[in-house]
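Enquirer: Structure incoming, see below.
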Amino acid sequence: MPSTRGLLTQPYPPEFLRQYLLSAEAWQPSPTAKDRSAWAKVPAHHRTALIAEGEKMLNQSWAHLPATLWLGYVRTGDRAQFQAAYFGRRQQLINLAFAECIEGQGRFTEAVADGLWLICEETSWCLPAHLRLQTRGYGLPDHLQSTVDLFAAETASTLAWIDWLLREQLDAVHSLLRERLRFEVDRRVMTPCLERDDFWWMGWHRGKDPINNWNPWCNSNWLTCVLLLETDHERRMAAVHKIMRSVDVFVDFYPADGGCDEGPMYWGRAGASLFDCLELLHSATGGKIDLYAEPLVQEIARYVMRAHIGGKWLLNFADAGARGTVEGLLVWRFGQRIKDPTLAAFGAWEHQLNPVSWVGHITSPGRLVANLQVVATVESAPAAAPLLRDVWLPDLQVLIARDAGDTTDGFYLAAKGGHNAESHNHNDVGSLVVYLDGEPLLIDLGVETYTARTFNAERYQIWTMQSQWHNLPTVNGVMQENGPQYRARVLDHQADKESASLTLDIAGAYPASAAITRWTRSLCLTRGRQIVLTDDYELNEARTPVVYNFICHQRPAVLPNGMVQLRTTAGGTVEFNYPGAELTADVAAMQVTDPQLQTAWGDCVYRLRLTETNPVKSARRDFRLAVLPTTPTP
C-alpha cells in the first residue's frame, strides 16, 4: 500500500540507500566486548550489578519448552506458563552476555554458547498466542514454516547483537556457533520478511488489522538483523527499503497530535520503537537519514510525558497499566535527538526516580547497549517531571487538565472521546479519570494478565473491557459496543488559566438498542475549585432507569442529601454531589485477584452506581466534585 506521508521513503529512495547505506563491515554501531576501555566507562555500580545478574545465571538450569507447554495456550487459554519459560531463557542469555561484555574475562562465554545453541534448536521463536500467523494455526509450531511475530523478531535481534558484541569470544568456543546463529536468524526472520508480504504487522492490508506497536517493534528488530548480519549489499539495501516502506505505513496511521491510542506503556513499543528504527537508520547512513526535526516525530516523542500524572501514575486508557515506569534513559535519548530539554529532563527524572535494574520482562539488547553509553551522563543531567497544566490531543480526543502546572497538588482530570475500535480497545468512549494531589479517585482499571480471551471473540466479556466498569452510563440496560462505528463527536474544547472543559456527543458509542436520541457529556475543571460532569440526554424510549457508573480506588461513603465522599489512599477527601432527589446510590466491591491489576489497585476496587429512581426519557444531571476543606487544628 502506498504511503501518503512517505516520511522515510520519499526523501530517502533506493538510490539514496545504494549510495549511503554502510556495509555490514563498515557499520560500527557500538563497542564490542573486545573494546575494554569502552566498557570500563560504564559506572562502577552498574558494572557490578550487571556482573551480579550474570553470576546468578551461571549455575541456573535452562528452562524447558515441551510440547505440552506449547499446547497449554489452546487447551486452557493460559499464556503465562509458557512465556515465563520462554522469556526466562532469553533473559538468562542476555544477562550472561552482558556480564561477559562488562567483565571481559571469559567466565560467562561457555554459558552464552549454551544459551545460543539452545535457542537455535527451538522449533519456533514465535509465541503460542501468535501462531495464527502460521498456515496451520494454533497449537504446535510448524517446523516447515517460519512465522515472524514480535518475539521471533526480538529473539533474532537479540542473537544478532550477541553475535556483534561477542564474536571473537564465540569463535573461540567453536566456529560453528556464529555460523548456526546467522543461519537461524536468516531462515526464521530475514528471508521470510524480505520475501513475504502477508505478515499483517507490515501494514500492507491495514483494513484487516489495526496498525499498532507490532509494526515498528518488528521492523526495528528486523532492521537490526539486516544491518548487523546481511553482507550482500543489494539484499541489504532491498530489506532496508522494504522496512522503511512498512514503517511509513505506521507513520501514516499515527495521528498528527502524536497520541498513542494504546496508552503510555505501549508507547514504549510504539513511538519508542519508531525511535529505535530512526536511530538505526541514522547510524547506518552516517547521520544522513535524520528525521528528528519532523513535527510528527517530535509530537510522538512528547506523548509519554503528556500522559504522566505524577509519581508512578500514568494515564492508562486502553490496555495500559495505571502504575508503572517508562524507560527514562530511552526517553532522555529521544529528547536529546529532537532537542527538547523538557522531554530530556523528564527522561532523566524517570531514570533518577527509578534507577534501572537492567533486567526486565523483555530486555532489548540494542536499547541496553545504547542506554549503557549514556547512563553516566543521565545520572547527573537536569531532571524534572513537567506535570503539564493542559494537554489537548484533538485526533485522539483526549483532554488532560490540572489545577496548576508543575505540581500534583489539587485536581487532575483526563477524559477521552475517540471510538471503540482503537488498538487494545476498551469500550470507554466518554470515560474520565480524576486524581487528587497525585492520587487516584475515579479510575480506569486497565487490563488483566493476558490470556486467550484477551484477543479473541470473548474480549468484551472480560469485565475490565466493558463500559459499565468505566466511568460511563448504562442506558436502558445497554452498554457500549465495540467497533469503529461506535464513536464520540467533539462538540467543544476550551482551556485557559481559569478552567478547562470538554463537551462530547457520546450517543454514537451505544447501539440502537440503547434507544438514545442525544447524549451530551460535558466536563469542566474550574481550577482550584471543582470538577463538574454534566450528562444531558434524550431517549426514544425509557425501558429501565439509567445507571451512572463511577469506578473508585477506595470505598466511597454514601451520605444523605445527594452526597458521596471519595477518598484517596493518602487521606484526601472529595465531596461528590449528585441530584439526590432523582438518583439513588449504592456501592459494590469487586475483589481484584489478577496480579497485574493488583500492582495498581490492590485487592479491591469499588463501583459507585447512581441510578435514576424511575425510567425517564430526558434529563440533565450534574455531578460535582469539590475538595472538602480541612478543619484547622485548635
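Enquirer: Report yes if residue 366 is assigned to a helix (DSSP H, G or I) and not hydrophobic (A, V, I, L, M, F, W, C), otherwise no.
Expert: Criteria met by residue 366.
Enquirer: Going through the range 459-489 one residue at a time, which ones are closer than 29 Å to residue 83 by Cα and out of contact with any helix residue (DSSP H, G or I) (no Cβ under 8 Å at 6 or more places or on another chain)?
Expert: 460
Enquirer: Here's a follow-up. Does residue 404 satisfy the condition of being of a type in the set (A, V, I, L, M, F, W, C), outside any loop (DSSP other than H, G, I, E, B) and touching a residue at least 12 places away in the same chain (Cβ under 8 Å)?
Expert: Against the criterion (of a type in the set (A, V, I, L, M, F, W, C), outside any loop (DSSP other than H, G, I, E, B) and touching a residue at least 12 places away in the same chain (Cβ under 8 Å)), residue 404 does not qualify.
Enquirer: Restrict the check to the range 334-351 and report whether at least one residue is more than 20 Å from residue 91 (Cα to Cα), open to solvent by 20 Å² or more (accessible area, probe 1.4 Å) and in contact with a Ser or Thr (Cβ under 9 Å, 6 or more places away or on another chain).
Expert: no
Enquirer: If you scan the range 574-612, which residues turn out to be touching a residue at least 12 places away in the same chain (Cβ under 8 Å), part of a loop (DSSP other than H, G, I, E, B), hydroxyl-bearing (Ser, Thr, Tyr) and open to solvent by 70 Å² or more (accessible area, probe 1.4 Å)?
Expert: None; the set is empty.
Enquirer: Return the pairs, sorted by first residue and then second, in which the second residue is part of a helix (DSSP H, G or I) and open to solvent by 20 Å² or more (accessible area, probe 1.4 Å), the first residue lies in the range 336-357 and is under 10 Å from residue 382 (Cβ atoms) and modelled with pLDDT of 95 or more, the beta carbons are less than 8 Å apart, and the residues are 6+ apart or on different chains.
Expert: These pairs meet every condition: 344/332; 344/336; 348/332.
Enquirer: Further question: Looking only at the range 61-98, which residues are more than 19 Å from residue 362 (Cα to Cα), touching a helix residue (DSSP H, G or I) at 6+ places or on another chain (Cβ under 7 Å) and part of a loop (DSSP other than H, G, I, E, B)?
Expert: Correct list: 77 only.
Enquirer: Also, I was wondering about something else. Could you run through the range 292-317 and say how many residues are part of a loop (DSSP other than H, G, I, E, B), open to solvent by 30 Å² or more (accessible area, probe 1.4 Å) and within 20 Å of residue 6 (Cα to Cα)?
Expert: Residues in the range 292-317 being part of a loop (DSSP other than H, G, I, E, B), open to solvent by 30 Å² or more (accessible area, probe 1.4 Å) and within 20 Å of residue 6 (Cα to Cα): 2 in total.
Enquirer: What number of residues within the range 253-291 are open to solvent by less than 10 Å² (accessible area, probe 1.4 Å), out of contact with any strand residue (DSSP E or B) (no Cβ under 8 Å at 6 or more places or on another chain) and not hydrophobic (A, V, I, L, M, F, W, C)?
Expert: 4
Enquirer: Would you please name the residue that is nearest to residue 547 (Cα to Cα), looking only at residues in the range 469-500 that are open to solvent by 50 Å² or more (accessible area, probe 1.4 Å) and touching a Lys or Arg at 6+ places or on another chain (Cβ under 8 Å)?
Expert: 477
Enquirer: Separate question: Got a number for residues in the range 18-51 being out of contact with any Asp or Glu (no Cβ under 9 Å at 6 or more places or on another chain), charged (D, E, K, R) and not in a helix (DSSP H, G or I)? So that I can check it myself, show each step before the final result.
Expert: Just the residues of the range 18-51 that are out of contact with any Asp or Glu (no Cβ under 9 Å at 6 or more places or on another chain), to begin with: 19-23, 25-31, 35-38, 40-42, 44-46, 48-49.
Still in the running and charged (D, E, K, R): 25, 35-36, 41.
Narrowing the set further to residues that are not in a helix (DSSP H, G or I) leaves 25, 35, 41.
Residues that pass the stated criteria total 3.
Enquirer: Being crowded, with 24+ Cβ neighbours inside 10 Å, of a type in the set (Val, Ile, Thr) and over 30 Å from residue 7 (Cα atoms), is that true of even one residue in the range 179-197?
Expert: Within the range 179-197, none of the residues are crowded, with 24+ Cβ neighbours inside 10 Å, of a type in the set (Val, Ile, Thr) and over 30 Å from residue 7 (Cα atoms).
Enquirer: Please go through the range 215-237 and give me each residue that is open to solvent by 30 Å² or more (accessible area, probe 1.4 Å) and in contact (Cβ under 8 Å) with a residue 60 or more places away in the chain, ordered by number.
Expert: Hits for the range 215-237 are 231, 233.
Enquirer: Regarding residue 113, is this residue without any contact (Cβ under 8 Å) to a residue 40 or more places away in the chain, under 25 Å from residue 99 (Cα atoms), touching a helix residue (DSSP H, G or I) at 6+ places or on another chain (Cβ under 9 Å) and surrounded by 16 or more Cβ atoms within 10 Å (Cβ to Cβ)?
Expert: no
Enquirer: Within the range 12-67, work out how many residues are open to solvent by 30 Å² or more (accessible area, probe 1.4 Å), among the small types (Gly, Ala, Ser), over 31 Å from the mean Cα position of the chain (by Cα) and farther than 17 Å from residue 105 by Cβ.
Expert: Within the range 12-67, residues that are open to solvent by 30 Å² or more (accessible area, probe 1.4 Å), among the small types (Gly, Ala, Ser), over 31 Å from the mean Cα position of the chain (by Cα) and farther than 17 Å from residue 105 by Cβ number 3.
The values are calculated or read from the model by the stated rules, or taken from the named source; none is laboratory data. Computed from a predicted structure; not experimentally measured. We place every Cβ from the backbone using ideal geometry, glycine too, and count neighbours over all the protein chains shown. Remember, those area values only see protein heavy atoms, side chains included, never the ligands or the DNA or RNA. Shrake-Rupley method; radii C 1.70, N 1.55, O 1.52, S 1.80 Å.
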